[in-house]
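Visitor: Okay, here's the structure, questions in a sec.
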């Protein structure tokens, strides 16, 4: 999938490019620093996906969406921005952006957004008609996610929780909260909060193990 980056800060654009290079089958075909340059390069390269910043020096990125959609009808847009105003978010919804990411972004969140675009692009290129089951995979998935997030206790994030689940499933000899925290870049306290939550919903268990000096360690396992 060909991807273009529109970001006025070259250092941030470089970070986004390095993130994209970690994702299979992704090629960055162009980078723009202004709205005018974004439109021109998008017309030239016709990318599958545009990572678009809102605060470009000559024009708001959201104000270019109509022109971009007209000149690149198959291109999808992921808005990546520090903007938190509801008007920006409303504009993004009205223009059908594929996703809305607030800086600073995590690699896992960008990877998830790109994966969603990739799947949708593949299905749109197929000749088979879109039936209700296919449509539901996109339109009901977000509703389900919002519902799941709303039911999570305070301090538990859905994306982080999924990462902890994945890492825990990879452990064949159990893992301590401290070791798990190192694996996903969090403190021991944060790591233990997620692991204890998994115990509370029946997805994990914990056992005390005694080390060489006799100090017990709480190790976590998948049920």
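Visitor: Can you give the calculated 222 nm mean residue ellipticity of the chain, where each DSSP H run of n ≥ 4 adds -39,500 (n - 2.57) and the sum is split over every residue, rounded to the nearest 500 deg cm²/dmol?
Guide: After summing the helix terms and dividing by residue count, I get -15500 deg cm²/dmol.
Visitor: With a/c under 1.5 counting as rounded, go ahead and sort the range 1-40 into rounded, prolate or oblate using the C-alpha gyration tensor (a ≥ b ≥ c being the square roots of the eigenvalues; past the cut-off, prolate if a/b is larger than b/c, else oblate).
Guide: Oblate, because a/c is 1.5 or more while a/b does not exceed b/c.
Visitor: I would also like to ask the following. If packing is taken as the average count of other Cβ atoms within 10 Å, what order do 2-11, 154-163 fall into, highest mean first?
Guide: Averaged packing, sorted descending, gives the order 2-11, 154-163.
Visitor: Among 80-88, 47-55, how do they line up by average Cβ neighbours within 10 Å per residue, starting with the highest?
Guide: Going by the mean number of other Cβ atoms within 10 Å, highest first, we get 47-55, 80-88.
Visitor: Can you tell which of 121, 200, 91 shows the greatest fluctuation in a Gaussian network model of the chain with Cα springs below 10 Å?
Guide: 200
Visitor: Using Cα atoms only, what is the angle between the long axis of helix 107-125 and the major principal axis of the chain, expressed in degrees (0 to 90) to the nearest 10?
Guide: Roughly 50 degrees, rounded to the nearest 10.
Visitor: In square nanometres, what is the average projected area of the Cα convex hull of the chain?
Guide: The orientation-averaged projected area of the Cα hull of the chain comes to 15.3 nm².
Visitor: Can you tell me how the range 1-103 classifies by the Cα gyration tensor, rounded, prolate or oblate, using a/c under 1.5 as the rounded cut?
Guide: rounded
Visitor: Can you pull the three principal axis extents for the Cα set of the range 158-222, in Å, largest first?
Guide: Extents along the principal axes: 37, 24, 19 Å.
Visitor: Something else: Calculate how steeply helix 158-169 sits against the longest principal axis of the alpha-carbon atoms of the chain, using the helix alpha-carbon long axis, and give the answer as 0 to 90 degrees to the nearest 10.
Guide: 50
Visitor: With angles folded into 0 to 90 degrees, how steeply does helix 10-21 sit against the dominant principal axis of the chain? Use alpha carbons for both and round to 10.
Guide: Roughly 70 degrees, rounded to the nearest 10.
Visitor: Right, something else. Mind ranking 93-100, 190-197 by how tightly packed they are, going by the mean number of other C-beta atoms within 10 angstrom, highest first?
Guide: Listed from highest to lowest mean packing, they are 190-197, 93-100.
Visitor: Multiplying the sequence separation of residue 121 and residue 67 by 0.36 nm and subtracting their Cα-Cα distance, what value in nm do you get?
Guide: 17.4 nm
Computed from the coordinates by the stated procedures, all read-outs in this text should not be read as laboratory data. These numbers were taken from a predicted model, which means no experiment stands behind them. Positions of Cβ are backbone-derived with ideal geometry, glycine not excepted, and every protein chain shown enters the neighbour counts.
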